[in-house]
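Nothing in this text is a laboratory measurement; each read-out follows from the coordinates by a stated rule. Computed from a predicted model, the values in this text were never measured in an experiment. Cβ coordinates were reconstructed from backbone atoms using ideal geometry, including for glycine residues, and neighbour counts include every protein chain displayed.
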Amino acid sequence: MLIIGEKLSIIAKRVREAMIKKDKGPIQEIAIRQWKEGSGMIDANIGPAEDGGEELMQWMVTTIQEVVPLPVCLDTTNYQAIEAGLRVHNNEWGRPLINSTSNDPERFPILELAAKYNSQVIGLTVGKGGLPADAGERAAIAAEIMARAMEYGVPLEDIYLDPLVLQIATSQDHALKVIEAIKMFQEMNDPAMKTVVGLSNISNGCPKHIRPILNKYYFIMLMNAGLTAAIADAHEMAEAMQEKKLIDDVLAGKTLADAAKMTEITKTLDVIMGKTLYAHSYLEM
Amino acid sequence: MAFVAPKETYSGKVFEVTIGADKTAVFGGENVLPFYSFEGNVPHKPVIAYEIQDVPPEDWPETVKNVYEGVSGDPVTWAKYCQDKLNAQAIALRLVGTHPDRENRSSEDAAKTVKDVLSAINVPLIILGSNHIEKDSSVLVAVSEAAKGKNCIIGKAQEGNYKTIAAAAMANNHKLIAMSELDINLSKQLNILITQMGFDKERLITDPMCSALGYGLEYTYSVMERIRLAALAQNDATMQPPMLADVGMYVWKIKETQASEADLPMWGSLKERGIAWETVTAGSLLISGAEFLIMRHPEAIAAVEKFIEELM
């Protein structure tokens, strides 16, 4: 499992301020922490970056790779910023990953960049016309992205299909559909297609104390379904790995010695699997 | 081999709620989808309450205002008219005059109106605030006390004011409407928060927020349907209180119930149009799972009662 350390995002206030001031300190501190805790790649999310995106992405890539011997996931909708990042990326630490192309025609040219710079690329299975309804629609979009990648000369081994994780607080039924999509994606090629998720979106909008719980247990379920990579907090995922056996035991119908843990896992799995309706206080019921 | 119709059975059941002190009304109690009496037990018909107000209905359209001409100037007369002349099973008194942007009537005035109405009728009373978060939290406390012992429904408790309103309803032994804004997860969450205060879940009524035909009815429909399925198929106790469809106030403010025949001749009779709109909105929400309705026009109510008779 490849963990793509997620904490370097423009959405986080501290990171945004560091990006504006070009203050390397906080960026490198977070990158180092994500690396030490098990990330195999670092996500650099600079947002739409309409002004100064090229310079910002280059600064991010070099700032990260100055202190961490890892490749970078270039996370922006700005085509020029991605290209600028690819130009300075140090491939000695591994090949970069572009986040992302999709079935939206505006995102097709991203594949040109992947081919030109020999980069890997995430294929987000959404089109222009709204969110996919189920796993089948996600797979249909994946097939179109794969066909297009071949046209542009991007090998299928370099594509990570992303089924788009949605918030459990508002789109509970999609939690299982995403797991199903991860299984379907792998069937679409031999060797199996690689897959990736933006994990923490599952708990976006949920109370702070339950976010890590949902993130961890959902991660284990996706892992069991064959997930290749996750954009996630490496620290949380290390914890998830420690709890994997407990979760697998509950999934196998065993009773845990720790009753409180058993309840927490059972209730959370029931919410993920749609057996009980989600509410912010689901753990208290 | 004879055909045997497949039957769905559910592990959950909707709570049965009894309201009123003298004459009572009962709704809920079913363990199947709405009107599916061929699959299980549907012990009670949905109940319809006639809506009245603490102040004259100046803002109601003519079609529905005219029906109450001569009685709607005074809530006691209006309530008695609904009970004695229209055979109302229940009456819903909306204290819209307490809203700060309206007459801004005080909690004391509201409490007096409630007492006067209660002493004039013997059918169950539903007491509704003006849907102003802060004002409702004082008005509904005062009227809960004024109606002590009458087993009323108090409403509506929302995320921003449920604590004081639920505490008052609990202290005075009333039922309580919990309203959230068209979101099944928030509806469940509010029911959880209210029961965590010690309020008995079997005394709750869920209002997932109503909407009129053409104005988002399908959202209300779908949330209600999913709430009912969670109650029955998942046996989710937090979703087992009966549901309210507060139809009248949403229907009688839209263009279709107000635009004149002179302006829009192709829309047909204004009177028929309004009544039909309230009937169809109410009927749809009964099918999606509402057990309790608040409505305004007697002819729409009669049509919906006939619809219920035919489906039961």
(Q) Using the crude model of +1 on Lys and Arg Cβ and -1 on Asp and Glu Cβ, and no other charge, please compute the dipole size for the stretch B:21-311 relative to its Cα centre, in debye to 20. (A) 620
Q) Hey, any idea what the orientation-averaged projected area of the convex hull of the stretch A:2-284's Cα atoms comes to, in nm²? A) 14.5
Q. Which lysines does residue A:21 reach when only Cα atoms under 20 Å apart count, and residues fewer than 8 places away in its own chain are ignored?
A. A:7, A:13
Q: Any chance you could get the radius of gyration and Dmax over the Cα atoms of the stretch B:1-80, in Å?
A: 20.1, 66
(Q) Among B:165, B:179, B:222, which residue has its Cα furthest toward the positive end of the charge dipole of the stretch B:149-230, with +1 on Lys/Arg Cβ and -1 on Asp/Glu Cβ? (A) B:165
Q | Convex hull volume per residue in cubic angstrom - Cα atoms of the stretch A:150-272 | A | 118
**Q.** Extreme residue, positive dipole direction of the stretch B:267-312, given options B:289, B:268, B:301 (C-beta unit charges)
**A.** B:268
Q) For the stretch B:227-312, what percent of Cα pairs sit more than 16 Å apart? A) 58
Q) What do the square roots of 5 times the Cα gyration tensor eigenvalues come to for the protein assembly as shown, in whole Å, largest first, as semi-axes of the equivalent ellipsoid? A) 55, 26, 25
Q.
Cross-link candidates for residue B:201: which aspartates and glutamates have Cα within less than 20 Å, leaving aside residues fewer than 8 places away along the same chain?
A. A:284, B:16, B:30, B:159, B:181, B:183, B:225, B:236, B:291
**Q.** Cα centroid of the stretch B:171-245 to Cα centroid of the stretch A:90-112, whole Å
**A.** 46
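Taking only C-alpha pairs under 8 Å that are 6+ residues apart, what is the relative contact order of chain B in percent?
20
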Q | Local net charge near residue A:186, Cβ-Cβ under 15 Å (Lys/Arg +1, Asp/Glu -1) | A | -2
**Q.** Alpha-carbon centroid distance for the pair the stretch B:82-133 / the stretch A:213-234, whole angstrom
**A.** 54
Q: Return one quarter of the surface area of the convex hull spanned by the alpha-carbon atoms of the stretch A:61-172, equal to its mean projected area, in nm².
A: 7.8
**Q.** Rounded to whole Å, sorted largest first: equivalent-ellipsoid semi-axes of the stretch B:52-124, Cα gyration tensor
**A.** 19, 17, 8
(Q) Which residue fluctuates most in the GNM of chain B (Cα springs below 10 Å): B:205, B:254, B:227? (A) B:254
Q: Quote the charge dipole size of the protein assembly as shown about the Cα centre in Debye, to the nearest 20; the model charges only the Cβ of Lys and Arg (+1) and of Asp and Glu (-1).
A: 1140
Q: Once you've got the GNM for chain B with C-alpha springs shorter than 10 Å, pick whichever of B:223, B:67, B:117 has the biggest mean-square fluctuation.
A: B:67
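Divide, for chain B, the radius of gyration over alpha carbons by 2.2 N^0.38 Å, where N is the residue count.
So chain B has a normalised radius of gyration of 0.97.
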Q) Where does the stretch A:69-111 land on the Kirkwood hydrodynamic radius, alpha-carbon pairs, in angstrom? A) 10.8
Q: Determine which aspartates and glutamates satisfy two conditions relative to residue B:23: a Cα distance under 14 Å, and not lying fewer than 8 residues away in the same chain.
A: B:84
Q. Restricting attention to the alpha-carbon atoms of the stretch A:210-285, what are Rg (one decimal) and Dmax (integer), both in Å?
A. 12.1, 34
Q) How long are the three semi-axes of the equivalent ellipsoid of the stretch B:90-150, in whole Å, if each is the root of 5 times an eigenvalue of the C-alpha gyration tensor, listed from largest down? A) 19, 11, 10
**Q.** For the stretch B:166-303, alpha-carbon Rg and Dmax in angstrom
**A.** 16.9, 56
Q. Which of the residue pairs A:216/A:244; A:177/A:254; B:45/B:306; B:85/B:271 have a Cα-Cα distance greater than 18 Å in the structure shown?
A. A:177/A:254; B:85/B:271
**Q.** Size descriptor, Kirkwood hydrodynamic radius, that averages inverse alpha-carbon separations across the stretch B:93-192, Å
**A.** 13.4
Q) According to a simple spin-label model (label point 7 Å from Cα along Cα-to-Cβ), what is the distance in nm between residue B:133 and residue A:285? A) 2.4
